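The values are calculated or read from the model by the stated rules, or taken from the named source; none is laboratory data. Not measured: the values here are computed from a predicted model. Glycine also receives a Cβ, built like all others from the backbone with ideal geometry; neighbour counts cover every protein chain displayed.
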Amino acid sequence: MSAERKRPWYLVVALLGALALGTTGAYAGWNAAALYFVSVDPTTAGEGIADPHDRELVVSRAEAELHVLDAEKSRGWPIAVATLLLGSATLLFAMRALGGSAGARSVLVQLVLAQAAVGVASHFLLRDVFEADLRWLEAKESAEEHATGVAHEQSPLPSASVLRAASSMILVLRTLGSLLVVVGLTQRKSRAYFDAAAAAAPEQ
């Protein structure tokens, strides 16, 4: 009778991290893909804005963002689909690895690395889309301030530079998290745990 197999604590953390990466990746990929097959009327961006100048600026920024999305479709659409598929697959294989599948562990390592690579590519290749979205957000926030009469100093909103820095920081943290997940999955004790699970499978 074989001894009870115990997962190393870092393997548990790595598997939970992989689940989080898969879930957030699938969600982000679905949202990005939806932008390309859902018809969007830019004039709806100006609804509820009383000031004509603010409304016109918000709508024009929304139109500009849609034009950038269309111009970048040759890169944006494949990246969105890849993000969705890799996120979904990472989630699936992380669940299988939680069940002790050694084969799932090997595939999961590759999926996490691929997901990280696509995330880095998206950050740099779709920079114009991100900047267009920032310009739209700035116009919308400015319109809201004018409508409520609340000064920016009294109700501080994240500036474009802060949002850019936050985007870069999220990329760094997500990439680092992916590498830590891979390290956790490839440690000797982690491999030994899955090997033992595979060896015990016929006995169950």
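General observations
- Taken over segment 29-40, the criterion of being part of a helix (DSSP H, G or I) and touching a residue at least 24 places away in the same chain (Cβ under 8 Å) is satisfied by GLY29, TRP30, ALA32, ALA33, LEU35, TYR36.
- Of the criteria (1) within 19 Å of GLY184 (Cβ to Cβ); (2) in contact (Cβ under 8 Å) with a residue 40 or more places away in the chain, which one ARG96 fails: (2)
- Selection from segment 60-95 of residues that are basic (Lys, Arg) and closer than 21 Å to PRO42 by Cα: ARG61, LYS73
- Only one of ARG75, ARG105 that is under 30 Å from THR175 (Cβ atoms), in contact (Cβ under 8 Å) with a residue 40 or more places away in the chain and surrounded by fewer than 16 Cβ atoms within 10 Å (Cβ to Cβ): ARG75
- Checking each residue in segment 146-204 for being hydroxyl-bearing (Ser, Thr, Tyr), at pLDDT 75 or above and over 30 Å from ARG96 (Cα atoms) picks out SER161, SER167, SER168.
- Options ALA62, ALA89: the member that is buried (at least 20 other Cβ atoms within 10 Å of the Cβ) and either part of a helix (DSSP H, G or I) or at pLDDT below 95 (or both): ALA62
- Residue match in segment 41-51 (condition: more than 30 Å from TYR193 (Cα to Cα), in a helix (DSSP H, G or I) and modelled with pLDDT of 95 or more): no
- Residue in segment 6-28 that is buried (at least 18 other Cβ atoms within 10 Å of the Cβ), charged (D, E, K, R) and either in a helix (DSSP H, G or I) or modelled with pLDDT under 90 (or both) present: no
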